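See below for the structure under consideration.
The values are calculated or read from the model by the stated rules, or taken from the named source; none is laboratory data. Treat the numbers as computed from the prediction; the structure is a model and nothing was measured. When we count neighbours, we look across all protein chains shown, and the Cβ atoms used for this are built from the backbone with ideal geometry, even at glycine. Side chains are part of the model used for accessible areas, which takes the heavy atoms of the whole protein and leaves out ligands, DNA and RNA. Shrake-Rupley method; radii C 1.70, N 1.55, O 1.52, S 1.80 Å.
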Amino acid sequence: MTTQESLLALAKAVYPKRDWYDRHGRACTNEHTTWQAMDGPVSECTVVHFDPANNSEQAVEVLCWLMARDSCNEVCHDTIVFYPRPGRFVTPEHIAHDNTPDSLRAAIVQAACRVVQS
């Protein structure tokens with residue numbers, strides 16, 4: 001069973017360059033986006049929840065972190081996560097993260113929380 005404290009610790013471990021905080025018992029970070037509108041640049045801040053048990057993209061990124069600790073953090077086109085294969089000097093492998101079953105995501109999150117706590 002995962003706790004909110006372990007999920008926050010996991011979020012900080014998987015995404016070390018993001019500023020994670022506890023918000024009402026959930027691990028959150030702010031995502032800033034800027035785009036060009038007709039009357040000039042527009043900026044927006046969105047709160048992103050860390051919920052890999054219910055988010056396919058986050059679940060696969062946690063899995064990649066388990067396999068290659070911190071060397072898996074590149075996402076391409078919001079559908080693929082790249083990770084290096086240990087001991088190989090070739091193009092990184094990729095895993096599609098769409099439609100990951102809930103039970104697999106829960107298992108990945110629980111395993112990763114145990115690693116973070118150790």
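Here are the numbers:
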| item | result |
| --- | --- |
| Residues (among the hydrophobic types (A, V, I, L, M, F, W, C) and within 13 Å of the chain's Cα centre (by Cα)) located in segment 1-36 | L7, L8, A9, L10, A11, A13, V14, W20, A27, C28 |
| Residue in segment 49-70 that is nearest to V115 (Cα to Cα), counting only those that are part of a helix (DSSP H, G or I), touching a residue at least 40 places away in the same chain (Cβ under 8 Å) and touching a strand residue (DSSP E or B) at 6+ places or on another chain (Cβ under 8 Å) | L63 |
| In segment 3-32, the residues that are open to solvent by less than 50 Å² (accessible area, probe 1.4 Å) and either among the polar types (S, T, N, Q) or under 17 Å from V116 (Cα atoms) (or both) | S6, L7, L8, A9, L10, A11, A13, V14, Y15, W20, A27, T29 |
| Tally, over segment 1-48, of residues that are closer than 18 Å to W65 by Cα and without any contact (Cβ under 8 Å) to a residue 60 or more places away in the chain | 10 |
